[in-house]
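Enquirer: This structure is in structure tokens; I'll ask about it shortly.
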Amino acid sequence: MKLQHIVGGVLLAASAAASASVTSPVIGKLLWSEEFNAAALDGSVWAASNGNGCQIGLCGYGNQELQTYQPGNLSIVNVPFEPGTRALAITARRETVGDNQFTSGKVDTAGKVQVKYGLVEVRMATPKVGVGLWPAAWMLGTSPQAWPRKGEIDIMEMGGRQPAGLPAISPDQFVGANVIFFHPDACVPGNETCAASTAWQTKNWYTPSRSLANRFVTYRLYWTDTQMRFTVVDNGREYDMYKSPITIASSALNEPFYLLLNMAVGGNFTPAATPAQVTAPLPATTYVDYVRVYELDGKGEVKLGLGITPEVGKFGVFTDNTPVDNKQELGGSADFFIWNNGSMSGGSIPPFEGSNVLALNYFAPGQWFGGAIQSRQAHDMSGFRGGNIKLKIKAPANVAFRIGILDNYTNHHWVTFPANTTAYGLVRNGEWGTATIPVAEIAGPLVALQSMNSLFEFLSVDAAVPTAPFQIAFDDIIWDSGTGATVQVATAKAQVAPAPTASGSAAQTGAGTLQFSASASGWVDVHYTVNGGDARTVRMRQDGTTSRFTAGGLAKGDVVEYRFTAWDNTRQLATDSAMKKVVIK
């Protein structure tokens, strides 16, 4: 029987039990499932990778992998060795594409499905991994921060080097798990990323008595707010990979993660560093029967789409005492980074308000400078386009600088504060002053406010790099949506010629699918809910002047309410459509 992708709605979140335990767990209701029973991969849930990593500036995907991923290496098939079972097939082949001599497949749910806590269960069968194949089922944090700060959870991976001291065993009889996160104690020469591994010098594997090749076993991750436990269910018995549960030692592991399924060829994890060292029989296929997420000890949630609750009112990026509706805390929900430590360090300017300040000392004349407050989770600031960013700045009058923001699609945009010139209300007299920057101006035409990474960045001006040391400070940084009376008056004056509204439609294209379409000269986002559940926001795929997105996992009788936000290139502003409704037939 094919289970719905979301059982009972867009979000199922269980309240916390009084004392959660991963060693004597209570497995509750099914929260979400992908059964891989359809004719093809569900594009509303999974995205297929295409390339060798160079397309994202990470050739070999950071592991010196030897394959290029292709959507054509992915299919949903009848499993040849288990009649009646359909599964996702990930096939690795020896074939040359560009500079790579191997191809394979990889899928992920980034921006489409995210999981936090619960029992994550993957039933899969691997091929003979031999030397060179690296099948894996794993998860990455949805945080916009770079790896390893966002966290990585490896539910299973095979094909790696076996630890010293373990009796010689076939690579097809060795499977492990791992959790990786940032930790300052791991900042040692040779590990500049400061990646801490729970598998370091620790038993983290399962060695079955017979080969795992071409037979199904079930891999389990038990995940609560305090512990993780990894097991393998093999022939009706459950075996622990670690000797005891892992205690969560990083706040990144208390945030949502998305799913990945793939089979790499070669790379740092395996003994095969070159194509000639790959001896695994090819072609070879990993089969994934299903991925399921269950409630565990009263915990667990699954969200579709970006899964972000929009911020409203006043949002504090960096402030102590100013009243706000919500705010970030450095070291908790955000981090401050200096981009060029060779030109800038901590300064000594006292705070404008409260006890904290971003005070900086520029000590290398002729060098560029910059930094940012980076959020640990994405923020939906789409309701702030008509508002302002207000902040306090203290800087020498003769220093030019820029203030910018960054979304999760790597789009930056900046406004400039020239030397000796009043800009955005900031009087350049060397004392604390207030700058008020319109969000629409600092966002520009490309920044996606519905999924923001850094809500404050500063940078030197290329043509005006400072020629002498100085100190600069920022404080009381707040996004104001413009819902106050003063801003409403100003907005009313600006709306002499109202902008046209965005337009679009939705059409049912299958028993459980709904295609959204909209025409615009720029990007288009669709915002929709199912049966009154959490709002989902998705950047639609653009083809010429038409943008489309297909939502899946729907059922007869589901009520879908939707609207569009579209960027008007001519008027240089975003417009919203009216809310519409459709009932799935």
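Enquirer: Calculate, in nm to one decimal, what Q55 and R548 gain on full extension: separation in residues at 0.36 nm each, minus their alpha carbon distance.
Expert: Details: separation 493, 0.36 × 493 = 177.48 nm, distance 2.34 nm.
Between Q55 and R548, full extension yields an extra 175.1 nm.
Enquirer: Set the Förster distance to 41 Å, then compute FRET efficiency between A578 and F337 from the Cβ-Cβ distance, nearest 0.05. Don't skip to the end; give the middle numbers.
Expert: Working: r = 41 Å, r/R0 = 1.01.
The calculated FRET efficiency here is 0.50.
Enquirer: When every alpha-carbon pair in the chain is counted, what percent end up more than 47 Å apart? List each step's numbers first, then the result.
Expert: Values: 32175 of 170820 pairs.
The calculated P(r) of the chain puts 19 percent of pairs beyond 47 Å.
Enquirer: Based on the alpha-carbon gyration tensor of the range 12-304 and its eigenvalue square roots a ≥ b ≥ c, which shape applies: rounded if a/c is under 1.5, prolate if not and a/b is larger than b/c, or oblate?
Expert: Numbers: a/c = 1.34, a/b = 1.21, b/c = 1.11.
Since a/c stays below 1.5, the shape of the range 12-304 is classed as rounded.
Enquirer: Mind checking Rg over Rh on the range 314-489, alpha carbons, Kirkwood formula for Rh? Walk me through the intermediate numbers first.
Expert: Values: Rg = 15.3 Å, Rh = 16.3 Å.
Ratio value, two decimals: 0.94.
Enquirer: Averaged across orientations, what area in nm² does the convex hull of the alpha carbons in the range 504-583 project?
Expert: Numbers: hull surface 19.8 nm².
Hull-based average projected area comes out at 4.9 nm².
Enquirer: To the nearest 0.05, how large is the calculated FRET efficiency for I169 and A38 if R₀ is 41 Å and r is the Cβ-Cβ distance? Before the final figure, lay out the partial values.
Expert: Numbers: r = 37 Å, r/R0 = 0.91.
About 0.65, to the nearest 0.05.
Enquirer: Can you list residues from other chains, or at least 5 along the same chain, whose modelled amide H is less than 5 Å from the amide H of V97?
Expert: Amide H to amide H, under 5 Å and 5 or more residues apart or across chains, V97 pairs with F102.
Enquirer: Now, a different point. Compute the normalised compactness of the range 362-415: alpha-carbon radius of gyration over 2.2 N^0.38 Å, N being the residue count. Walk me through the numbers on the way to the answer.
Expert: On the way: Rg = 14.1 Å, N = 54, 2.2 N^0.38 = 10.0 Å.
For the range 362-415, the normalised Cα radius of gyration comes out at 1.41.
Enquirer: So for the pair S355, S24, with labels modelled 7 Å out along Cα→Cβ, what separation do we get in nm?
Expert: Using points 7 Å along Cα→Cβ, the separation is 4.3 nm.
Enquirer: Between Q201 and K128, what length in nm is gained on full extension when 0.36 nm per residue of separation is reduced by their alpha carbon distance?
Expert: Gain on extension, Q201 to K128, equals 23.7 nm.
Enquirer: To continue, here is another question. Per DSSP H run of at least 4 residues, take -39500 (n - 2.57); add these up for the chain, divide by its residues and hand me the 222 nm value, nearest 500 deg cm²/dmol. Don't skip to the answer; put the middle values down first.
Expert: Numbers: 2 runs with 15 residues, N = 585.
The helix contribution divided over the chain gives -500 deg cm²/dmol.
Enquirer: What does the extension gain come out to for T422 and D320, with contour length at 0.36 nm per residue minus their alpha carbon separation?
Expert: On the way: separation 102, 0.36 × 102 = 36.72 nm, distance 2.65 nm.
Working it through step by step, the gained length comes to 34.1 nm.
Enquirer: Per residue, what volume in Å³ does the Cα convex hull of the range 242-291 take up?
Expert: Numbers: hull volume 8.8 nm³, N = 50.
That works out to 176 Å³ per residue.
Enquirer: Could you work out the relative contact order of the chain, using alpha carbon pairs under 8 angstrom and six or more residues apart, expressed as a whole percent?
Expert: Details: 1560 pairs, mean separation 86.1, N = 585.
Relative contact order for the chain comes out at 15 percent.
Enquirer: Sort the range 53-210 into rounded, prolate or oblate with this rule: let a ≥ b ≥ c be the square roots of the eigenvalues of the Cα gyration tensor; rounded if a/c is under 1.5, and if a/c is not under 1.5, prolate when a/b is larger than b/c, oblate otherwise. Provide the component values of the computation, followed by the final result.
Expert: Numbers: a/c = 1.39, a/b = 1.20, b/c = 1.16.
Rounded, since a/c falls under 1.5.
Enquirer: Then there's this: Do any of K128/K150; K314/K392; K106/K150 go past 27 Å between their Cα atoms, and which?
Expert: Working: K128/K150 32 Å; K314/K392 16 Å; K106/K150 20 Å.
Beyond 27 Å: K128/K150.
Enquirer: With each pseudo-label sitting 7 Å past Cα toward Cβ, what's the T309-A273 distance in nm, one decimal?
Expert: 5.0
Enquirer: Relative contact order, percent, of the range 377-487 when contacts are C-alpha pairs under 8 Å separated by at least 6 residues? Working shown, then result.
Expert: Working: 240 pairs, mean separation 48.5, N = 111.
Dividing the mean separation by the residue count of the range 377-487 yields 44 percent.
Throughout, read-outs are computed from the coordinates displayed, never taken from laboratory work. From a predicted model like this one, the values you see are computed outputs, not experimental measurements. Virtual Cβ from ideal backbone geometry, glycine too; neighbours counted across all protein chains shown.
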